[in-house]
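Presented below is the structure to which this report refers.
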Amino acid sequence: MQIVIQPLLETDIDRTDIVIQAAYGSSSRKTTLYRYLHLQPDGAFVAKKADAVVGFGGFLDYDDFAYIGMMSVAPGEQRQGIGQRLLEAILNRLEERGCPTVLLDASSGGVPLYRRYGFYDDGEVLDLKKSQQVKLPGGGAEPILSATEADLPELLAFDASMFGGDRARLLKTYWAKKPERTLIARDEHGQISGYLLAQASVLGPWIARSQEVAERLLLAGLALPFQDMPQVFVAAEHRDALALLMRYGFTIQRSLQHMYKGTRITRPRTTNIFGQASLGFG
């Protein structure tokens, strides 16, 4: 039966969410699907078979590079070329947009497909989850504050300088939903030295100029309530981040291959980026 690749529509979200949950064995991803529709309506695709949704893939374009994520195919429909068709649709759209670099974090099962389409390995990403309760030390003299609307321009500029691309649209959606969960640290001159966005179940984005700043942000984040034990996605080569996370009860759940296609870019993934927003958004 013919597979048709189409743009994601709001009416597809419920069925697409079921496919993603089955493919990943995860909880609902509806919030992420709505973010794709809101932030990158031309970058989210579904695969349909007789009008039934059987796959999904999307990207966010940050101008200097794009991030592909949530590539998924219904378990009963795998190994039929559906993932390949979705990837081709995404890459064709990114070529139309003139995107010079494409990034993604691939499971071991997806790596061969991406290599066939010209992606190269560029380190690993670890998925860590808090699995132990560890007593948190008291706060230091310099407080960690929730970002206000007045802080956003400086925060967004700080993020762009570290992340390597403009993800203001994404960060504003996170902040607007729960502004009190966007935590910022400032140095002795009053400049932002780091920030942590404590999502409902993920700590990230988490960026800091030093391990000391990163630790203060982490402690403030862990003091907040979560839907589940929080996760962090971080470069496997980031020794400072891993040391912090393991000190506070996180353990490694799995490893993914960080990959790129096009012009290789350099970002402080192993020094200043302590946690990603997600595996799909970078």
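The values are calculated or read from the model by the stated rules, or taken from the named source; none is laboratory data. Bear in mind the structure is a predicted one, so any value in this text is a computation, not a measurement. Cβ coordinates were reconstructed from backbone atoms using ideal geometry, including for glycine residues, and neighbour counts include every protein chain displayed. Accessible surface areas use protein heavy atoms only, side chains included; no ligands, DNA or RNA. Shrake-Rupley method; radii C 1.70, N 1.55, O 1.52, S 1.80 Å.
Restricting attention to the range 9-36, the residues that are assigned to a helix (DSSP H, G or I), open to solvent by 30 Å² or more (accessible area, probe 1.4 Å) and either within 19 Å of Y114 (Cβ to Cβ) or not β-branched (V, I, T) (or both) add up to 10. If you go through the range 61-98 and keep only what is out of contact with any helix residue (DSSP H, G or I) (no Cβ under 9 Å at 6 or more places or on another chain) and open to solvent by less than 70 Å² (accessible area, probe 1.4 Å), you end up with F65, Y67, G81, I82, L86, E88, A89, I90, L91, R93, L94, G98. Just name the residue that is surrounded by the most Cβ atoms within 10 Å (Cβ to Cβ) out of those in the range 106-132 that are of a type in the set (S, T, Y) and over 15 Å from M70 (Cα atoms). Of everything passing the filter in the range 106-132, Y117 is surrounded by the most Cβ atoms within 10 Å (Cβ to Cβ). Among the residues of the range 1-42, those that are touching a strand residue (DSSP E or B) at 6+ places or on another chain (Cβ under 9 Å) and β-branched (V, I, T) comprise I3, V4, I5, T16, I18, V19, I20, T32. Taking every residue in the range 207-218 that is farther than 20 Å from R167 by Cα and of a type in the set (A, V, I, L, M, F, W, C) and pairing it with any residue that is open to solvent by 10 Å² or more (accessible area, probe 1.4 Å) and assigned to a helix (DSSP H, G or I), at least 6 positions away or on another chain, the pairs with Cβ-Cβ distances below 9 Å are A214/D240.
Residue count for the range 37-54 under the criterion of being on the phi > 0 side of the Ramachandran plot and open to solvent by less than 30 Å² (accessible area, probe 1.4 Å): the result is 0.
If you go through the range 133-166 and keep only what is under 30 Å from R247 (Cβ atoms), acidic (D, E), modelled with pLDDT of 90 or more and open to solvent by 60 Å² or more (accessible area, probe 1.4 Å), you end up with just E154. Determine the pairs where a residue that is under 10 Å from V46 (Cβ atoms), located within the range 1-13, has a partner that is open to solvent by 60 Å² or more (accessible area, probe 1.4 Å) and of a type in the set (S, T, Y) with Cβ atoms under 8 Å apart, the partner being 6 or more residues away or on another chain. From residues that are under 10 Å from V46 (Cβ atoms), the pairs are I13/Y34. Quick one: is R169 in contact with a Leu (Cβ under 6 Å, 6 or more places away or on another chain) and either open to solvent by 70 Å² or more (accessible area, probe 1.4 Å) or of a type in the set (D, E) (or both)? Criteria met by R169.
The criterion of being in contact with a helix residue (DSSP H, G or I) (Cβ under 9 Å, 6 or more places away or on another chain), aliphatic (A, V, I, L, M), touching a residue at least 60 places away in the same chain (Cβ under 8 Å) and over 27 Å from F226 (Cα atoms) holds for V102. Within the range 222-255, the residues that satisfy the criterion of being under 18 Å from the mean Cα position of the chain (by Cα) and small (G, A, S) are A235, A236, A241, S255. Annotation note: of I252, I273, I265, the sole residue that is farther than 21 Å from Y120 by Cβ and in contact (Cβ under 8 Å) with a residue 12 or more places away in the chain is I252.
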